[in-house]
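Enquirer: Quick one: the structure is below, and I'll ask about it shortly.
The values are calculated or read from the model by the stated rules, or taken from the named source; none is laboratory data. This is a predicted model, so every value here is computed, not measured. No Cβ is skipped: glycine too gets one built from the backbone with ideal geometry, and neighbour counts run over all protein chains shown.
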Amino acid sequence: MDRCLKAVSLILSYPTPELQAAMPEIAAVVSSDTRLTGVARRELRPLLDAMAQDDIYDLQERYVLLFDRSRSLSLNLFEHVHGESRDRGGAMVSLIETYEEGGFMPATSELPDHLPVLLEFLATRPFSEAQDILADAAHIFEALRTRLVRRDSPYAAVFAALGQLSGQSADRATVDELLASEEIDPNDLAALDRVWEESEVRFGPDPDAGCPQARDLLARMDEPRAPAQAAE
């Protein structure tokens with residue numbers, strides 16, 4: 001078990017009293033992992049301290065505002081690649097097959113591409129394999145880090161740490177393409193309603209496409225979706 005990847009998975013999970021009680025141990029794991037630079041570990045400290053000490057309801061509200069009410073900060077990785085296109089369904093099925101082949105059965109209602117779920121799976125794999133998959137998502141991590149910095153969120157440090165663990169420098173042009181997509185103010189409820197208008201999402205395989213191997217599937221995270229047009 002890669003304890004650092006498991007710890008990062010927990011840090012990015014919805015805050016609960018149980019998670020808060022475990023934060024001293026979680027903080028000790030990431031603070032002692034030498035794969036992260038001293039700067040990265042120090043930058044994580046404000047978030048780790050807040051998660052251990054702040055009121056749990058405040059932590060939950062901040063988490064929801066960031067990750068559940070903004071598609072541009074979604075922790076569902078394929079959201080940044082495929083949006084609601086049919087391709088996302090085929091990618092999701094292939095990712096589920098990858099989990100099953102690795103003997104991993106997520107005990108969660110989250111989608112398979114939810115980052116904490118993926119990190120929990122990667123924590124069970126050899127680090128060389130996990131690092132290859134993290135490298136495929138390096139541009140997503142950098143885009144999320146940049147957006148969180150703009151919001152003065154301490155969660156930005158988590159994505160900087162994931163970038164380091166990936167061992168890959170994100171392609172600047174690809175990051176810029178992701179950042180070009182519209183960001184919606186999570187407090188603008190009318191705009192959120194327009195963005196989250198119900199649309200058909202298919203999570204079954206595409207009959208017109210083959211079923212790629214898991215490594216090829218995850219490598220498709222290098223292909224960001226085109227920025228969505230602003231709602232009229």
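Enquirer: So residue 109 passes all but one of these: (1) under 16 Å from the mean Cα position of the chain (by Cα); (2) part of a helix (DSSP H, G or I). Which condition number does it fail?
Expert: Of everything listed in (1) under 16 Å from the mean Cα position of the chain (by Cα); (2) part of a helix (DSSP H, G or I), residue 109 misses just condition (2).
Enquirer: Shifting gears a bit: Collect the residues in segment 64-85 that are among the basic types (Lys, Arg) and part of a loop (DSSP other than H, G, I, E, B), keeping them in residue-number order. Spell out how you get there, then give the answer.
Expert: To start, the set of residues in segment 64-85 that are among the basic types (Lys, Arg) comprises 69, 71.
Of everything in segment 64-85, just one residue is among the basic types (Lys, Arg) and part of a loop (DSSP other than H, G, I, E, B), namely 69.
Enquirer: With of a type in the set (Lys, Arg), modelled with pLDDT of 90 or more, under 28 Å from residue 176 (Cβ atoms) and crowded, with 19+ Cβ neighbours inside 10 Å as the only criterion, which of 145, 88 stands out?
Expert: Matching residue, one of 145, 88: 145.
Enquirer: Further, regarding this structure: Please pick out the residue among 112, 126, 106 that is without any contact (Cβ under 8 Å) to a residue 12 or more places away in the chain and more than 23 Å from residue 44 (Cβ to Cβ).
Expert: The match here is 126.
Enquirer: I need every pair where a residue in segment 4-18 that is in contact (Cβ under 8 Å) with a residue 40 or more places away in the chain and on the phi < 0 side of the Ramachandran plot has its Cβ under 8 Å from the Cβ of a residue that is of a type in the set (S, T, N, Q) and part of a helix (DSSP H, G or I), sequence separation at least 6 or different chains.
Expert: 14/60; 15/60
Enquirer: When you check residue 61 against the structure, is it free of Cβ contacts under 8 Å to residues at least 12 places away in the same chain, in a helix (DSSP H, G or I) and over 22 Å from residue 17 (Cα atoms), yes or no?
Expert: Taking the combined requirement at face value, the residue does not satisfy it.
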